[in-house]
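Each reported figure results from applying straightforward, stated rules to the coordinates on display, with no laboratory input. Predicted, not measured: the structure shown is a model, and the values here were computed from it. Ideal geometry is used to build each Cβ from the backbone, glycine not excepted, and the neighbour counts take in all protein chains shown.
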Amino acid sequence: MLNFLATVIIITASGALAPGPLSIGTIIQGSKKGARAGVFAAIGHTIIELPLVFLLALGLINLSEDAYLKTVISAIGGATLIILGGLQIKDVLKSNSNYNQSSKLSLLNNPLLFGMILTGLNPFFIVWWFTIGSALIIDALILAALWGVAIMYIAHVWMDYAWLIFIASLSHKGFSILGSKVYRILIGALGLLLIYFGITFIT
């Protein structure tokens, strides 16, 4: 079990610490709300991920071969990210010289909501659980049935929380010492990254 948990942590790091839409969204919200943005983003992520893991474990879903579903998720997720990135850039451009961390962006202003959206509409997240994640689930079931899956998930999800809280807190401290102009440029650049991920999802 200890060897298995170590494997889970190492494999989780490869996904959780990789740059992605959820990390970018958390950096944007963390600059305004601090560490609590990371907490709520992680909770939103868990709301989508936890049921998926146990549905896979129970054998209630097996959509890994469903190319149509992958296409739909990729298209909707990509379009959503392009819209969010565009709104972020628009928010930056229309703001005056007093633009700061209190500036609000409607669809990205709720960390819990964007945590759910940027998780559920991320095709790479879905593919990860249907491939790498499924292998971990099978090993967990062999070791200790559904209790093994629960233990595996705890070993997995704590890293999501630690990472999102860390980058949210770091972005808040970092952006708070920047001037308004530099802050706007960086937030605009993050908006462009969201658009990039959106295009990647679609293509």
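For the reader, a short list of remarks on this structure follows.
- Distance violations [Cα-Cα > 26 Å] among LYS70/LYS90; LYS90/LYS173; LYS33/LYS90; LYS32/LYS70; LYS33/LYS70: LYS70/LYS90; LYS32/LYS70; LYS33/LYS70
- In the stretch 2-202, one over the average inverse separation of all distinct C-alpha pairs is 17.5 Å, which is the Kirkwood hydrodynamic radius.
- Least to most buried among LEU56, LEU22, LEU164, LEU113 (fewest other Cβ within 10 Å first): LEU113, LEU56, LEU22, LEU164
- Computed [θ] at 222 nm, deg cm²/dmol, the chain (DSSP H ≥ 4; -39,500 (n - 2.57); rounded to nearest 500): -28000 deg cm²/dmol
- Helices that extend 15 Å or more along their long axis by alpha-carbon positions and average at least 0.5 on the Kyte-Doolittle scale are, among the DSSP H runs of the chain, 2-16, 35-57, 67-94, 132-176, 180-202.
- Least to most buried among ASP160, ASP91, ASP139 (fewest other Cβ within 10 Å first): ASP139, ASP91, ASP160
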